[in-house]
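Below: the structure, in structure tokens.
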Amino acid sequence: MKFLNPIGLLFSLLLGVIILFYFKKNQVVEKYVSTTKFWDEILKEVEGVRTRKIDKYLLLIIQMIIGLLVVISIANPTIIKNINENQENENIVSCSNQDLNKTKKIIYIGDNKYIKSALSSIENIKVDFDNEYSEKYKQYDVYILDKNVDELPKNVNKWITYPQNGNIQGSINSVKALKIVDSEFSKNIHNKKIYVDKTEYLKEKKGFKTMLSVDNKPIIIYGVNDKSKEIYSSINFNKTNLVMTSDFPILIKNMINWLSYDENIEQTYKNIDDKKDSSGYTIKNIILIIALFLMVIEWEVYRREI
């Protein structure tokens, strides 16, 4: 388990303040009385001293646990699995194990270092990198093209990463939030603070859906064209912080899964939301629920002390 906001752990230093105020509040004040009339009451009080001490220290322990839980929730705990080893499990598809274990052949024509790095981090794919297309690259499951290839085989599943003039609708000339549209491609992607600077956006394409958008304008679209699956993008990956997050290889993995399997992506992915909930945000919510429950117990202990 890791923390998305480790600076929040510094709030643990404030736990000492809880201890300080606790013992300051529980200082013993001696008072003298002029009569022993209340001796019986004092004996009853003495008999309950041990129980009272237990209650007092129990209150301190509960307060410390609550404080610790709040600190952990501020630090935003999450389960971040190794991208190389566990991506298949996190983005797991409902296909058969035989399909999952099948190594997919990917060819990337281009030189974008971020795409290369993301592809290299994904298991169960065999990636070839080249700056130019040649006849030897005829039999691949997915073609990722960062430049124009005239002699590409027909009916191949492909992702065109460079903006083609015929697909460009316009441009956005400022920094804007990048939205991963709520679709199957956004599964297991947690980071919401992603931006892109000065990007072109795509035309609407019949039969295609939006995967990523800026100001409700598509910058990555996907769909089926005749006998092939196709993805088109206009985003410049050198001008977005998306490539610096763990979400980027997850997104590319989702795209490759969709391109390389015969099933529709709705059938390909199953119960990802449940798996997503089992990590970061659910851990935080469970911690806060426990903290609230302990606050109820703390109040009951405090009330009984009074």
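The values are calculated or read from the model by the stated rules, or taken from the named source; none is laboratory data. As the structure is a computational prediction, the values presented were derived from the model and not from experiment. As a convention, Cβ positions derive from the backbone with ideal geometry for all residues, glycine included, and neighbour counts pool all protein chains shown.
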>> If the requirement is being surrounded by fewer than 13 Cβ atoms within 10 Å (Cβ to Cβ), in a strand (DSSP E or B) and either of a type in the set (S, T, N, Q) or at pLDDT below 90 (or both), which of these qualifies: LYS198, LYS138, LYS192?
In response: LYS198
>> I need the helices (runs of 4 or more DSSP H) fully contained in the stretch 236-306, keeping only those with at least 1 residues that are more than 17 Å from GLY67 (Cα to Cα), small (Gly, Ala, Ser) and modelled with pLDDT under 85.
In response: 280-305
>> Residue pairs, Cβ under 9 Å, 6 or more apart or interchain, first in the stretch 250-262 and touching a residue at least 60 places away in the same chain (Cβ under 8 Å), second part of a helix (DSSP H, G or I) and of a type in the set (S, T, N, Q). List them.
In response: ILE250/GLN87; LEU251/SER186; LYS253/GLN87; ASN254/SER186; ASN257/THR268; TRP258/THR268; TYR261/GLN267; TYR261/THR268
> Which one is surrounded by the most Cβ atoms within 10 Å (Cβ to Cβ), of the residues in the stretch 154-172 that are at pLDDT below 90 and polar (S, T, N, Q)?
Replying inline: ASN167
> In the stretch 170-178, is there at least one residue being in a loop (DSSP other than H, G, I, E, B) and without any contact (Cβ under 8 Å) to a residue 60 or more places away in the chain?
Replying inline: no
